[in-house]
1. Counting only protein chains, not ligands or nucleic acids, how are PHE11, PHE33 ordered by accessible area (probe 1.4 Å), most first?
2. Dipole of the chain, Cα-centred, from +1 at each Lys and Arg C-beta and -1 at each Asp and Glu C-beta, to the nearest 20 debye?
3. Convert each backbone phi in the range 10-22 into a coupling constant with the Karplus relation 6.51 cos²θ - 1.76 cosθ + 1.60 (shift: θ = phi - 60°), then list the ³J(HN,Hα) values in order as whole Hz, x for Gly and Pro.
4. Would you mind checking the pairs LYS16/LYS47; LYS16/LYS55; LYS47/LYS68; LYS20/LYS49 and listing those with alpha carbons more than 22 angstrom apart?
5. For percent of Cα pairs over 19 Å apart, the choices are (i) 49; (ii) 46; (iii) 61; which was calculated from the structure?
6. Could you check which residue among LYS49, LYS16, LYS27 shows the biggest mean-square fluctuation in a GNM of the chain with a 10 Å Cα cutoff?
Amino acid sequence: MDKNKTDKNKFVGICKVGEKGQIVIPKEIRTMFDINPGDSVIALCDKEKGIALLKADVIDGLTDRVLKQ
């Protein structure tokens, strides 16, 4: 078993921040969440809890419901 993997639904890896503040999402995570070049991700941030990234299409249905009201 790869040292970074605990099971097929979990992965722990390191993202390095470049000079321009960009990070590279590890390939295993991109594959797991079907993140491809050109896709958008949303950063959810809380000073105490940390940072979470979501693939933008996760909220497409929510956006549609909010805008229809």
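The values are calculated or read from the model by the stated rules, or taken from the named source; none is laboratory data. Small disclaimer: the values here were computed from a predicted structure and weren't measured. Positions of Cβ are generated from backbone atoms using ideal geometry, with glycine treated the same way; all protein chains shown enter the neighbour counts. Accessible surface areas use protein heavy atoms only, side chains included; no ligands, DNA or RNA. Shrake-Rupley method; radii C 1.70, N 1.55, O 1.52, S 1.80 Å.
1. Working: PHE11 40, PHE33 120 Å².
So, going from the largest accessible area down, we get PHE33, PHE11.
2. Values: 13 positive and 11 negative charges, 38 e Å.
Once rounded to the nearest 20, the dipole reads 180 debye.
3. Each residue's phi maps through the Karplus curve to give 9, 8, 10, x, 10, 10, 9, 8, x, 4, 8, x, 7 Hz.
4. Values: LYS16/LYS47 20 Å; LYS16/LYS55 19 Å; LYS47/LYS68 32 Å; LYS20/LYS49 24 Å.
As for pairs spanning more than 22 Å Cα to Cα, those are LYS47/LYS68; LYS20/LYS49.
5. (i)
6. Per the Cα network of the chain with a 10 Å cutoff, LYS49 tops the list.
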